[in-house]
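Since the structure comes first, as structure tokens, the remarks are kept for the end.
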Amino acid sequence: QVQLVESGGGLVQAGGSLRLSCAVSGSIFSLAVMGWYRQAPGKQRELVAEISNYGRTNYVDSVKGRFTISRDNAKNTVYLQMNSLKPEDTAVYYCRLTRPTFYYWGQGTQVTVSS
């Protein structure tokens, strides 16, 4: 059974930084595409950033230059470094592990950015 556990969310003032972590159990982490998604109240869940198993990254335009996704295959962990946070970044952030025929979600971690 694959489990994803996010941590690192919290309350921060605008302009501040947070680093999210997602620890993955199981042996498939190094083969998987890992992504961070977010869902704000009343909005659809959206992809924020993803990283392939060989390190290629992709970001939604609204976070480019502010957020950085990275992975440590030795620790089965993916990170999201979030800088210059804005109130509109407030959401529940979810980690997702994707393989060609299945995917898993974490439980989510709340990020709240105050103005």
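The values are calculated or read from the model by the stated rules, or taken from the named source; none is laboratory data. Given the structure is predicted, the values throughout are model-derived calculations rather than measurements. Ideal geometry is used to build each Cβ from the backbone, glycine not excepted, and the neighbour counts take in all protein chains shown. Quick note on the areas: whole protein, heavy atoms, side chains included, nothing else; ligands and nucleic acids left out. Shrake-Rupley method; radii C 1.70, N 1.55, O 1.52, S 1.80 Å.
The fraction of accessible area contributed by carbon and sulfur in the chain is 47 percent, rounded to a whole number (1.4 Å probe; ligands and nucleic acids excluded). Summed over the residues of the chain and divided among them, the accessible surface reaches 53 Å² per residue at a probe radius of 1.4 Å. Among the chymotrypsin sites (Phe, Trp or Tyr not before Pro) within the stretch 39-111, those in coil by DSSP and having at most 10 neighbouring Cβ atoms inside 10 Å are 54. Backbone amide hydrogens, once placed in the peptide plane, bring residue 16 within less than 5 Å of 85, excluding anything fewer than 5 places away on its chain.
Which lysines, on any chain, are close to residue 86 with Cα under 22 Å apart, when same-chain ones fewer than 8 places away are left out? Filter leaves 43, 64. Taking every C-alpha pair closer than 8 Å and separated by at least 6 residues, the mean separation divided by the residue count of the chain gives a relative contact order of 36 percent. Which FRET efficiency value, to the nearest 0.05, do you get for residue 5 and residue 70 by plugging their Cβ-Cβ distance into 1/(1 + (r/R0)^6) with R0 = 22 Å? E between residue 5 and residue 70, to the nearest 0.05, is 0.80. Equivalent ellipsoid of the stretch 1-112: semi-axes from √(5λ) of the C-alpha gyration tensor, largest first, are 22, 14, 13 Å.
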